[in-house]
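Here the structure is laid out as structure tokens; the discussion comes afterwards.
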Amino acid sequence: MVTAVEGAGGKAHRLAELREFLMSRRARVSPEEAGLPAGGRRRTPGLRREEVAVLAGVGVSWYQWLEQGRDITVSPQVLDAVARVLKLSPAERRHLYVLAGLNPPALEPAPEDRDMCDGLRRLIEAWMPFPAHIMDVYWNTVMYNEAAAAVLGMRPDVTRNCLLDFFTDTLYRERMRGWEELAPSIVAQFRSACSECPDDDGFRAVVAQARAASPEFAELWERRDIRPGGLNRKEMDHPVAGRLVMEATQLRVPARPDLVIVLHTPLPEAGTAEKLEWLASPEGRRGAMYPVAG
């Protein structure tokens with residue numbers, strides 16, 4: 001049945017793309033790679049449709065209809081079996097779901113993309129003299145640059161999880177202007193992140209820790225507000241540089257959906273950019289070694 005949202009033309013295009021995609025992926029997998037004997041010369045490269053069906057544990061006619069782009073009922077379990085036989089990457093598996101008309105699974109980083117951290121570290125170091133840090137899906141801190149340490153107070157002995165630190169790190173809280181106004185937005189953004197993975201024990205563990213550590217968090221969490229991550233305005237009172245006004249922007253890299261990059265951009269107020277540049281200078285670093293209370 002064609003939905004009003006997709007339309008007949010859109011569905012026909014999607015099914016045509018499904019046909020071409022499956023044919024192209026099947027042609028890439030040799031019988032040897034699939035654990036089958038080579039079987040002599042073949043007129044076309046890759047696996048035959050019948051072989052894909054047998055290896056995936058589905059009917060030959062059903063798989064033929066799927067690859068022909070017919071309007072048939074599919075299930076996630078069957079698509080996963082086909083994806084396994086065709087050796088699809090996480091991104092390709094997600095694409096298969098979309099073309100088949102199912103809600104796609106969460107994108108996982110491919111094995112070859114898991115070593116991107118060196119490049120991401122270069123990114124946040126290049127953001128100097130402005131603060132930048134990277135966190136995982138649970139908001140655990142992965143890495144941060146020197147400006148994040150000098151301005152936000154990130155430090156090895158305290159910095160663990162950005163949500164927990166927001167509510168429990170006294171240094172960060174003392175520096176943050178309008179902490180009470182920002183807190184509901186922070187909690188709503190974390191709940192929005194949780195909603196993408198409702199059965200994930202990692203999110204539940206962070207929420208349990210935050211509830212135990214902060215009655216303020218527990219009260220805000222019960223509001224069940226939802227807000228997607230994006231931009232947060234931050235005003236801070238630095239013990240050496242004084243008032244700083246920045247905009248924190250959350251960014252994602254498609255190849256690493258398990259990471260969030262947070263870049264702080266100075267706003268044209270209070271001479272923030274100049275102050276951040278000074279803090280990163282040799283003179284500023286010497287001054288920051290002896291901060292006043294707070």
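Being out of contact with any helix residue (DSSP H, G or I) (no Cβ under 9 Å at 6 or more places or on another chain), open to solvent by 30 Å² or more (accessible area, probe 1.4 Å) and either modelled with pLDDT under 95 or closer than 29 Å to Lys234 by Cβ (or both) narrows it down to one residue among Arg114, Arg155, Arg191, Arg93; which is it?
Being out of contact with any helix residue (DSSP H, G or I) (no Cβ under 9 Å at 6 or more places or on another chain), open to solvent by 30 Å² or more (accessible area, probe 1.4 Å) and either modelled with pLDDT under 95 or closer than 29 Å to Lys234 by Cβ (or both) holds for just one of Arg114, Arg155, Arg191, Arg93, which is Arg114.
Which residue out of Ala218, Ala208, Ala280, Ala248 is among the hydrophobic types (A, V, I, L, M, F, W, C) and touching a residue at least 24 places away in the same chain (Cβ under 8 Å)?
Ala280
For region 118-139, does any single residue satisfy the condition of being of a type outside the set (Ser, Thr, Tyr), touching a helix residue (DSSP H, G or I) at 6+ places or on another chain (Cβ under 8 Å) and on the phi > 0 side of the Ramachandran plot?
yes
If Glu181 satisfies every condition in (1) more than 18 Å from Asn232 (Cα to Cα); (2) free of Cβ contacts under 8 Å to residues at least 60 places away in the same chain; (3) open to solvent by 50 Å² or more (accessible area, probe 1.4 Å) but one, which is the exception?
Every condition holds for Glu181 apart from (1).
Is region 209-229 home to any residue that is of a type in the set (A, V, I, L, M), at pLDDT 95 or above, within 22 Å of the chain's Cα centre (by Cα) and surrounded by 13 or more Cβ atoms within 10 Å (Cβ to Cβ)?
Looking for residues that are of a type in the set (A, V, I, L, M), at pLDDT 95 or above, within 22 Å of the chain's Cα centre (by Cα) and surrounded by 13 or more Cβ atoms within 10 Å (Cβ to Cβ), one finds at least one in region 209-229, hence yes.
Could you look through region 217-255, keep only residues that are of a type in the set (Val, Ile, Thr) and touching a helix residue (DSSP H, G or I) at 6+ places or on another chain (Cβ under 8 Å), and pick out the one that is farthest from Lys275 (Cα to Cα)?
If we take residues in region 217-255 being of a type in the set (Val, Ile, Thr) and touching a helix residue (DSSP H, G or I) at 6+ places or on another chain (Cβ under 8 Å), then Ile226 is farthest from Lys275 (Cα to Cα).
For Arg84, all conditions in the list (1) open to solvent by 30 Å² or more (accessible area, probe 1.4 Å); (2) in a loop (DSSP other than H, G, I, E, B) hold save one; what is the number of the exception?
With respect to (1) open to solvent by 30 Å² or more (accessible area, probe 1.4 Å); (2) in a loop (DSSP other than H, G, I, E, B), Arg84 is out only on (2).
Tell me whether region 24-42 contains one or more residues that are touching a helix residue (DSSP H, G or I) at 6+ places or on another chain (Cβ under 8 Å), surrounded by fewer than 16 Cβ atoms within 10 Å (Cβ to Cβ) and outside any loop (DSSP other than H, G, I, E, B).
The answer is no; no qualifying residue exists.
Which numbered condition in (1) buried (at least 17 other Cβ atoms within 10 Å of the Cβ); (2) polar (S, T, N, Q); (3) farther than 26 Å from Gln189 by Cα is the only one that Gln77 fails?
(1)
The values are calculated or read from the model by the stated rules, or taken from the named source; none is laboratory data. Quick caveat: nothing in here was measured; it's all calculated off a predicted structure. Methodologically, a virtual Cβ is constructed for each residue, glycine included, from the backbone with ideal geometry; neighbour enumeration extends over all protein chains shown. Each accessible area value is taken on the protein alone, full model and side chains, heavy atoms only, with ligands, DNA and RNA left out. Shrake-Rupley method; radii C 1.70, N 1.55, O 1.52, S 1.80 Å.
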